[in-house]
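Visitor: Take a look at the following structure, please.
Throughout, read-outs are computed from the coordinates displayed, never taken from laboratory work. Keep in mind that what you see is a predicted model, and the values were worked out from it rather than measured. Glycine also receives a Cβ, built like all others from the backbone with ideal geometry; neighbour counts cover every protein chain displayed.
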C-alpha cells in the first residue's frame with residue numbers, strides 16, 4: 001500500500017536525517033548547514049519526512065509530490081562519483097563541438113518540424 005511505501009521512505013529519510021544531525025554536531029553548526037554538502041544532505045531527508053507526514057494527514061496529492069522529490073537523494077552520490085566535475089570538464093574542453101552540434105540540431109528541428 002502507499003502507507004507502507006511512505007513508511008519505508010520515512011525510515012530511509014530518518015537514516016539521512018541522523019547522518020545530517022551527526023555532521024551538524026561534529027562539523028559545527030555555522031559552516032556545514034549552509035555549505036553545498038549540507039544543503040544536499042538536507043534535501044536528501046526532508047522529502048521523506050514530509051511524505052509520511054502528509055500521507056498521515058490525508059493530503060495525498062501533496063504526498064505524491066514529496067515522494068517524487070525523494071529522487072533528489074541521487075545528489076548525495078556526487079560526493080562519491082565526482083561526475084559533475086567530469087561533465088564540466090568535458091563541456092569546457094569540447095565547447096566548440098557542442099556549440100556546433102547544438103546549432104545544427106536546432107536548425108534541423110526548425111526545418112523539419
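Visitor: Compute the distance in nm between two label points, each set 7 Å from the Cα along the Cα-to-Cβ direction, one at residue 84 and one at residue 12.
Guide: Spacing of the two 7 Å Cα→Cβ label points: 2.0 nm.
Visitor: While we're here: Any chance you could run the full-extension gain for residue 97 through residue 109? It's 0.36 nm times the residue separation minus the Cα-Cα distance, nm to one decimal. Walk me through the numbers on the way to the answer.
Guide: Values: separation 12, 0.36 × 12 = 4.32 nm, distance 1.81 nm.
Extra length available between residue 97 and residue 109 comes to 2.5 nm.
Visitor: Arrange 87, 12 by Cβ neighbour counts within 10 Å, fewest through most, would you?
Guide: Values: 87 10, 12 15.
Arranged by neighbour count, lowest to highest, 87, 12 become 87, 12.
Visitor: What order do you get for 44-54, 16-26 when each peptide is scored by the mean count of other beta carbon atoms within 10 Å, highest first?
Guide: On the way: 44-54: 20.8, 16-26: 14.1.
For the peptides 44-54, 16-26, the packing ranking is 44-54, 16-26.
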